[in-house]
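Okay, structure first, notes after.
None of the figures in this text is laboratory data; all of them are computed from the coordinates on show. Everything quoted here is computed from the prediction, not taken from an experiment. Using ideal geometry, Cβ is built from the backbone for each residue, glycine included, and neighbour counts are taken over all protein chains shown.
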Amino acid sequence: MNNLFANQLPENEKQSLKRIHDHCQSNSATNVDEDLLRKLPQNIDNPQVGAHMLCMSVGAGLQKQNGQLDKDAIKNKISVVTQDKSLVDGLVTKCAVQKETPEKTAVTMWTCFVKNNVNYIHVL
């Protein structure tokens with residue numbers, strides 16, 4: 001772990017994220033080269049990455065179908081992987097920011113998770 005405050009992602013959450021990822025990859029509209037996902041911060045403006053990350057966000061319950069963030073769900077998921085609960089609200093404020101499009105919102109949020117060691121991610 002890179003972060004003293006991080007908890008391991010529970011197995012059921014890992015499996016759920018993998019199922020969501022596989023579902024998003026099976027659709028030509030949301031399929032993306034996994035190398036782009038491995039370098040998410042460098043591909044934040046890639047439209048296909050945005051489509052995939054929106055699919056992931058909706059599947060995980062972090063965004064609604066209309067692209068609006070579900071801050072309660074985001075807080076819950078961040079809490080799962082953050083030992084120091086005093087950090088959770090700050091991470092939600094930092095990472096759960098509505099952007100100009102649902103796709104941009106999704107990719108920016110997941111990138112924020114990566115940059116802040118919020119380990120609610122599916123390892124490729």
(message) Just checking my list (i) 24, 18, 15; (ii) 28, 16, 12; (iii) 21, 16, 14 against semi-axes √(5λ) of the Cα gyration tensor in Å computed from this structure; which label fits?
(response) (iii)
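When a footprinting reagent is the concern and you count Cβ atoms within 10 Å, what order do 49, 80, 107 take, fewest first?
On the way: 49 24, 80 16, 107 28.
Ascending number of Cβ neighbours within 10 Å: 80, 49, 107.
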(request) Can you find, among 109, 46, 86, the residue farthest towards the positive end of the dipole of the chain? Put +1 on the C-beta of Lys and Arg, -1 on that of Asp and Glu. (result) 86
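Order by neighbour count: 35, 89, fewest other Cβ atoms within 10 Å first, most last. Kindly include the intermediate steps, with their values, before the conclusion.
Working: 35 9, 89 13.
With the fewest neighbours first, 35, 89 line up as 35, 89.
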(message) Order these by the 10 Å Cβ neighbour count, fewest first: 57, 26.
(response) 26, 57
(message) With angles folded into 0 to 90 degrees, how steeply does helix 102-115 sit against the dominant principal axis of the chain? Use alpha carbons for both and round to 10.
(response) 40
(request) Enter the angle in degrees (range 0 to 90, nearest 10) between the Cα long axis of helix 47-59 and the first principal axis of the Cα atoms of the chain, meaning the one along which they spread out most. (result) 50
(message) Quick one: 3J(HN,Hα) in Hz for the stretch 80-85, Karplus 6.51/-1.76/1.60 with θ = phi - 60°, rounded, Gly and Pro as x.
(response) 4, 10, 10, 5, 7, 5
(request) Please tell me the relative contact order of the stretch 11-115 in percent, rounded to the nearest whole number, where contacts are Cα pairs under 8 Å and at least six residues apart. (result) 26
